[in-house]
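Asker: One structure, as structure tokens, below. Some questions next.
The values are calculated or read from the model by the stated rules, or taken from the named source; none is laboratory data. Here the structure is a predicted model, which means the values were calculated and not measured. Virtual Cβ from ideal backbone geometry, glycine too; neighbours counted across all protein chains shown.
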Amino acid sequence: MSKYSRRGLLAGSAATAAAFAQSSAAKPKNIVISSANGLICCQRAMQILQSGGDTLDAVVQGVTLVENDPADDSVGYGGLPNEEGVVELDASVMHGPTRRAGSVAGVQNIKNVAKLAKTVMEQTHHIMLVAEGARRFAKAMGFPEENLLTEKSRLAWMVWKQSLRDPQGNSNWNGGRNAAKPNIAQLRKAFPDATEELLAYAWDRAIHPPTGTINCLALNAKGEMSGTTTTSGLAWKIPGRIGDSPIIGAGLYLDQDVGGAGSTGLGEENIRVCGAHTIVENMRRGMSPKDACLDVLKRISRNYNDDKSRMTFNINFYALRKDGAYGAATLFGEGGKLPQFAVNDGANGPQSRLEDTAVLYTR
Ligand code: ASP
């Protein structure tokens, strides 16, 4: 690179950093963003911000609604279990004003793991507790223990187990040797009490093991920020598998001076690029939230030499800057639809809205 162009680049990066400094001097406002499953979460968090509450209380109380919802099979109660049928949850929190973090991973029988991660942050000098230690800590801190498997998620797990075959197509279940993969008619016989709708859901989940999570980021009118990410992780995972959600710097990162970022989607891909931290550093250097997210998706794509046919997963990033600018990006827009994320800036009364994410590729 010539001296001239290097100087040009330096001047360019000084200009973008100056632009960021100027925009981040803009008057902050209450704003909450989350993954698309967080409309109600953003609404709750905004109520708390508007009543003067702390940003971390806001996001944690927001995601708690989703953790408690048995209809969301990606988080908390009703989250899809590991390969042994046990729900294992991961979560992290970061509190901008005190620059602190907490996280828990592989937790069984405790529903509200975002709150548990916050309790680790508030009550201990540790940042991360896992598995049995995290469960015992939760118990000691008064969190109720409960079975997190719902009838719906148990059925989906049973259908997944029954769909497993060895390379010759044999199964341990009815049909035995050379048993055809289950279809809805066979499932109907195996699960006579389940509705058609439930069987169709369970079959879809069995053959397309979903990922799913909620990430939520908030900024208040004082310019304070916090974030949280909570998940049941990858459906049918090997017990003990931990994704990106509880890893500070991957599933969540926040720097009170710059902004925050989080992720949903296949955590293994995110961990390899330290996604949330990289996004925050990109924003520190002057990138918009959307471009900061797209840059990280490009790093993930680069890990596959940009060969789309090998990227058989999807992943989303969300970013909120200290000046209230926000954005999100997804690796693949699928089926002609743009993926979305939830936003609440108080503009629609209490209602949150969905906005389209940017996409790196379509398929
Ligand atoms: N990122 C989470 C994980 O890999 C799951 C997800 O968001 O779908 O555990």
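Asker: Look at Gly346 and say whether it is within 23 Å of Ala221 (Cα to Cα), away from the ligand (no atom under 13 Å from the Cβ), surrounded by fewer than 23 Cβ atoms within 10 Å (Cβ to Cβ) and at pLDDT below 95.
Answerer: Yes: the conditions hold for Gly346.
Asker: Next question. Quick one: which residue in Lys115, Lys111 is assigned to a loop (DSSP other than H, G, I, E, B) and touching a helix residue (DSSP H, G or I) at 6+ places or on another chain (Cβ under 7 Å)? Explain how you work it out, then say what you get.
Answerer: Values: Lys115 fails: assigned to a loop (DSSP other than H, G, I, E, B).
Sole residue among the options that is assigned to a loop (DSSP other than H, G, I, E, B) and touching a helix residue (DSSP H, G or I) at 6+ places or on another chain (Cβ under 7 Å): Lys111.
Asker: Next question, about the same structure. Of the residues Thr278, Thr213, which single one is more than 10 Å from the ligand (Cβ to nearest atom) and either over 14 Å from the mean Cα position of the chain (by Cα) or under 23 Å from Glu151 (Cβ atoms) (or both)?
Answerer: Selected residue: Thr278, the only one of Thr278, Thr213 that is more than 10 Å from the ligand (Cβ to nearest atom) and either over 14 Å from the mean Cα position of the chain (by Cα) or under 23 Å from Glu151 (Cβ atoms) (or both).
Asker: Which of the residues that make up the stretch 258-273 are assigned to a loop (DSSP other than H, G, I, E, B) and without any contact (Cβ under 8 Å) to a residue 40 or more places away in the chain? Break it down into steps so the answer makes sense when it comes.
Answerer: Restricting attention to the stretch 258-273, the residues satisfying the condition of being assigned to a loop (DSSP other than H, G, I, E, B) are 258, 266, 272-273.
Hits for the stretch 258-273 are Arg272, Val273.
Asker: Which pairs turn up if I take residues in the stretch 87-101 that are within 14 Å of Leu217 (Cβ to Cβ) and look for partners that are acidic (Asp, Glu) with beta carbon separation below 7 Å, at least 6 apart in sequence or on another chain?
Answerer: Partner pairs satisfying both residue conditions: Gly96/Glu224.
Asker: Do we have Ala276 as farther than 28 Å from Gly53 by Cβ and outside any loop (DSSP other than H, G, I, E, B) here?
Answerer: Details: farther than 28 Å from Gly53 by Cβ: no; outside any loop (DSSP other than H, G, I, E, B): yes.
In short, no.
Asker: Restricting to the stretch 245-257, give me the number of residues that are closer than 14 Å to Tyr318 by Cα and assigned to a loop (DSSP other than H, G, I, E, B). Full working, then the answer.
Answerer: Quick first cut of the stretch 245-257, residues closer than 14 Å to Tyr318 by Cα only: 245, 249-254.
Then keep just the ones that are assigned to a loop (DSSP other than H, G, I, E, B); that gives 245, 249-251.
Total meeting the criteria: 4.
Asker: Quick one: which strands (runs of 3 or more DSSP E) sit completely within the stretch 299-363 and have at least 1 residues that are of a type in the set (Lys, Arg)?
Answerer: Per the criteria, 315-321, 353-356.
Asker: How many residues, within the stretch 249-264, are farther than 17 Å from Asp295 by Cβ and either crowded, with 24+ Cβ neighbours inside 10 Å or within 14 Å of the ligand (Cβ to nearest atom) (or both)?
Answerer: Count: 4.
Asker: Just to be sure, is Ile300 among the hydrophobic types (A, V, I, L, M, F, W, C), under 30 Å from Val107 (Cβ atoms), out of contact with any Leu (no Cβ under 7 Å at 6 or more places or on another chain) and surrounded by fewer than 24 Cβ atoms within 10 Å (Cβ to Cβ)?
Answerer: Here the answer is no, as Ile300 does not meet what is asked.
Asker: Ok, one more. Take the residues in the stretch 125-177 that are part of a loop (DSSP other than H, G, I, E, B) and hydroxyl-bearing (Ser, Thr, Tyr); name whichever of them is modelled with the lowest pLDDT.
Answerer: Here is the first cut: in the stretch 125-177, the residues part of a loop (DSSP other than H, G, I, E, B) are 125-127, 141-150, 164-177.
When the remaining residues are screened for being hydroxyl-bearing (Ser, Thr, Tyr), the result is 150, 171.
Working: Thr150: 88, Ser171: 78.
Checked the stretch 125-177; the qualifying residue modelled with the lowest pLDDT is Ser171.
Asker: Can you tell me which residue in the stretch 234-246 is surrounded by the most Cβ atoms within 10 Å (Cβ to Cβ), limited to those that are under 18 Å from Gly102 (Cβ atoms) and near the ligand (Cβ under 6 Å from one of its atoms)? Reasoning before the result, please.
Answerer: Going residue by residue through the stretch 234-246, those that are under 18 Å from Gly102 (Cβ atoms) are 242-246.
Imposing the further condition that a residue be near the ligand (Cβ under 6 Å from one of its atoms) reduces the set to 243-245.
Values: Gly243: 27, Asp244: 32, Ser245: 34.
Among those residues, the one meeting the criterion is Ser245.
Asker: Name every residue in the stretch 100-112 that is under 12 Å from Leu148 (Cα atoms) and hydrophobic (A, V, I, L, M, F, W, C), in order of residue number.
Answerer: Result: Val107, Ile110.
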